[in-house]
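This report refers to the structure that appears directly beneath it.
The values are calculated or read from the model by the stated rules, or taken from the named source; none is laboratory data. Given the structure is predicted, the values throughout are model-derived calculations rather than measurements. Positions of Cβ are backbone-derived with ideal geometry, glycine not excepted, and every protein chain shown enters the neighbour counts. Surface areas here come from the heavy atoms of the whole protein model, side chains and all, with no ligands, DNA or RNA. Shrake-Rupley method; radii C 1.70, N 1.55, O 1.52, S 1.80 Å.
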Amino acid sequence: MKDITISIPRVDAWEKASGQAKYVSDYVYPGMLYAKTFRSPIASGKILARRYPRLPEGYAIIDYRDIPGKNVVKVIMEDMPIFAEMNVTYRGEPILLVVGPDKEKILEIMASIQIDYQETPAIFEWTKSINHKHFSKGDGWKPSIEAARVIEYTYKTPLQEQAYLEPQGFVGTYDAGKISVIGSIQCPYYVKNALLFALRLPSDKIQVIQATVGGAFGGKEEFPSLMACQLAVALLKVKKPIKLVYEREEDILVTTKRHPATIKMQAAIDDNDHISSLKVHIGIDAGATTGLSGVVLMRAMIAATGAYTIDHLDVSGDVYWTNQVPNGAFRGFGAPQMMFAIEMFMEHIAQDLKQDPFQFRLRYLAKMGDRTSTNGSFRDPILLSEMIEQAMKISDYHTKAARFHSLKCHGIGWSVFLHGCGFTGSGEALTIKARIRLEKDNQDQVTIRVAAVDMGQGIRTTLRKLVSQILEIPLSQVDFDLPDTDLVPDSGPTVASRTMMIVGGLVAKAAEKMKANWLSGKAIAYEEQYVQPPEIHWDEDKMQGDAYPAYSWGVNIVEVQVDPVTYEVTLMGIWSVYDCGKDIDRLIVTGQADGGIAQGVGYGYLEVMDTYNGSIRQHNLTDYIIPSAADMPSMWTQWVDNPYAYGPYGAKGVGELTLVGGAPAVAKAIEMAIQHKITQIPVTPERIREWMKSG
């Protein structure tokens, strides 16, 4: 086929001219083809033979033999094939693409493809650990030898679907040897690095552009690299524009989800009914590839003590390999699983000791100067006592709790939590090494050049506000185009609540330098690269030291009613107080809070996702139920100022913080309402009925 030259219109120019957002599905090019993925129908086995039909003119099949480089998606562990070769390891694993101009004809071709499999027994039990980690603090679990008693519970959390509005998708072009892909993505340079690895092309021959993103929540962190590699291999072969966009059912069935977890908690209690040490083990299901699971496990383990200080600690964890669809990033990244466990455990310890759970938990709250779970230091002020008092006041918690204890089917619960800001451990300093550039042209128009993606959290507004305030120029004088790897440096992925604190911090530094050297009518540019604060030290192998440079904090209170006949849960009110350092835009962070708590409580009481024989049962948004506007009650959210020295105007992370406390808060409220200890989420009507019937 001859090379076809296609010019790619800038996404931003189209948006500015039309006033409309342009998503991947909106792109149409002359002669554009469509792609559909042929997938494995079995969870485990070998491919014995392939029989492809004779293809009509203009159609093509792309499989592993068309990959110029290594058949693997470059993420962290590099164990996810772009296309299956000899083995298949999960139901829905991609084997090939069929590409052509007519979607119906593509389906006909797919129906005539014959693959012979030798099916082998699939592993769905958590028996094969592929990553084990351990750390301790103080004397570890040794005090348990002298403990008056040991209290032990096991907590379980489920799969959770991101349920973004826009399914995964890419459109790509081939232009005289250059591959350009436009995608619904969170991490442009993740995609570019994966393409470099798979295609073996020079860097200037690969371009990745972010289209407007219709939601992501972590689901578009690592998975798009797989799609992009498949599409790019097809582009190299057919040399025509191609669009690859999933339908909703396909998206739910084969994309990454939040890892299910089983968390065993043990507390050694001394003669004074004090927790002398804590032992924790967390297991998570990676599915059939490792992907980001090792980092998710680390984040969960680091959160083992939640917002509390426990002097003696032993924490271990395992990533388990199964023949399930791979799991991956989801807002909170391991912390929601552990925060549910530690919050419920502290409540249950107090109940078993016949102590007031409220006062019991207050005794262990982290304070400035305390050692973190990994023997780092809480260097900044911690305002939890004030935040809890504020939350109790606006919710009238104590009055309601006293009344609900004797009023069946009513409950109110509260959670207190933290979230580490930025990449885990040495990720920011040694791995990401974020760079940004701020440019001013001779018309005094300023442009922010970063790889950070606006996926609905509003950074195209907040970063522009940041620059306009520092430079004291109108907001209209600051541009922030959608990232294009041909134009922006690698400022790192849009994950880990790092964008405002890390990327925004670098943008603020560049803006200060620009302000000091501003000459109207003269073009200037400044670059900044992230440098770890000198007091932050981390040992990756031992998991010791400062896991994060800063922490955000939160308190959630949820009130519920449980129907005594249908066992359905109705949310009656939600009250929250957050410390994200300094909010750059109150309206935007409140929007983050509203969305975050909805995902958090949905995780806790509503969202059911399970599997059978390696396939997800709830494969559409009719069967997989998420909270709607009708399910959410009135929400009251307050913010406290607690500026972080290295953040722009004192800002810290907020995006993930607002999700991680929702599940334990709603679970505790339901626990009060049904007077039964809860150790597993989601707390569905079926489970409530079982518990209430059992007494």
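Before moving on, here are some points about what is shown:
- Carbon/sulfur fraction of accessible area - the chain, other protein chains in place, 1.4 Å, %: 50 percent
- Extended-chain gain in nm, criterion 0.36 nm per residue less alpha-carbon gap, residue 465 and residue 352: 35.6 nm
- Annotation: Cα Rg of the stretch 329-411 relative to the compact-globule expectation 2.2 N^0.38 Å equals 1.31.
- Take the Cβ atoms of residue 64 and residue 442, set R0 to 51 Å, and the FRET efficiency comes out at 0.50.
- Straight-distance candidates among the lysines for linking to residue 400, with alpha-carbon spacing under 29 Å and chain neighbours fewer than 8 residues away dropped: 156, 354, 367, 408, 668, 677, 693.
- The string of couplings for the stretch 650-661 from the Karplus curve (6.51, -1.76, 1.60, θ = phi - 60°) is x, 6, 10, x, 9, x, 7, 3, 6, 9, 5, x Hz, one whole number per residue in order, with x for Gly and Pro.
- Estimated FRET transfer efficiency when R0 is 51 angstrom, pair residue 102-residue 523 (beta carbons, to 0.05): 0.55
- Solvent-accessible area per residue for the chain (1.4 angstrom probe, square angstrom): 37 Å²
- The heavy atoms of residue 473 offer some 20 square angstrom of accessible surface to a 1.4 angstrom probe.
- Part-to-part distance (alpha-carbon centres) for the stretch 359-381 and the stretch 595-673, which is given in Å: 24 Å
- Between amide H atoms placed 1.01 Å from N, distances below 5 Å from residue 261 occur with 157, all of them 5 or more places distant or on a separate chain.
- For the stretch 152-255, the residue among 231, 246, 157 whose Cα projects farthest onto the positive side of the dipole built from Cβ charges is 231.
- Residue 399 versus residue 612: modelled label distance in nm, points set 7 Å from Cα along the beta carbon direction: 4.9 nm
- Largest accessible area first, the residues 330, 197 order themselves as 197, 330 under a 1.4 Å probe with ligands, DNA and RNA left out.
- Among the GluC sites (Glu not before Pro) in the stretch 418-495, those located in a DSSP loop and surrounded by at most 10 other Cβ atoms within 10 Å of their own Cβ are 472.
- Karplus (6.51, -1.76, 1.60) ³J(HN,Hα), θ = phi - 60°, over the stretch 487-492, in Hz, Gly and Pro reported as x: 10, 10, x, 7, 9, x
- For the stretch 376-506: rounded, prolate or oblate by the Cα gyration tensor [a/c cutoff 1.5]: prolate
- For the stretch 515-596: rounded, prolate or oblate by the Cα gyration tensor [a/c cutoff 1.5]: oblate
- Listed options for Rg/Rh (Cα atoms, Kirkwood Rh) are (1) 0.98; (2) 1.00; (3) 1.09. The value calculated from this structure is the one marked (1).
- Placing unit charges on each Cβ (+1 for Lys and Arg, -1 for Asp and Glu) gives the chain a dipole about its Cα centre, and among 121, 647, 675 the Cα reaching farthest toward its positive end belongs to 121.
- Segments 30-41, 611-622, 237-248 sorted - mean Cβ within 10 Å per residue, highest first: 237-248, 30-41, 611-622
- Accessible surface comparison of 628, 293, probe 1.4 Å, protein chains only, largest first: the order is 628, 293.
- As a calculated quantity, the FRET efficiency between residue 587 and residue 693 at R0 = 45 Å, using C-beta atoms, amounts to about 0.45.
- Extension gain from residue 130 to residue 620, taking 0.36 nm per residue of separation minus the Cα-Cα distance: 173.3 nm
- Among 502, 414, 591 - extreme Cα towards positive end, dipole of the chain, charges at beta-carbon: 502
- The figure for residue 421 is an accessible area of roughly 0 square angstrom, using a 1.4 Å probe on the protein chains alone.
- Packing, as the average of other Cβ atoms within 10 Å across residues, places the peptides 135-141, 304-310, 532-538, 63-69 in the order 304-310, 135-141, 63-69, 532-538, highest first.
- Simple spin-label estimate for residue 111 and residue 638 in nanometres, 7 Å along Cα-Cβ: 6.3 nm
- Radius 9 Å from Cβ of residue 384, net charge of other residues (Lys, Arg +1; Asp, Glu -1): -1
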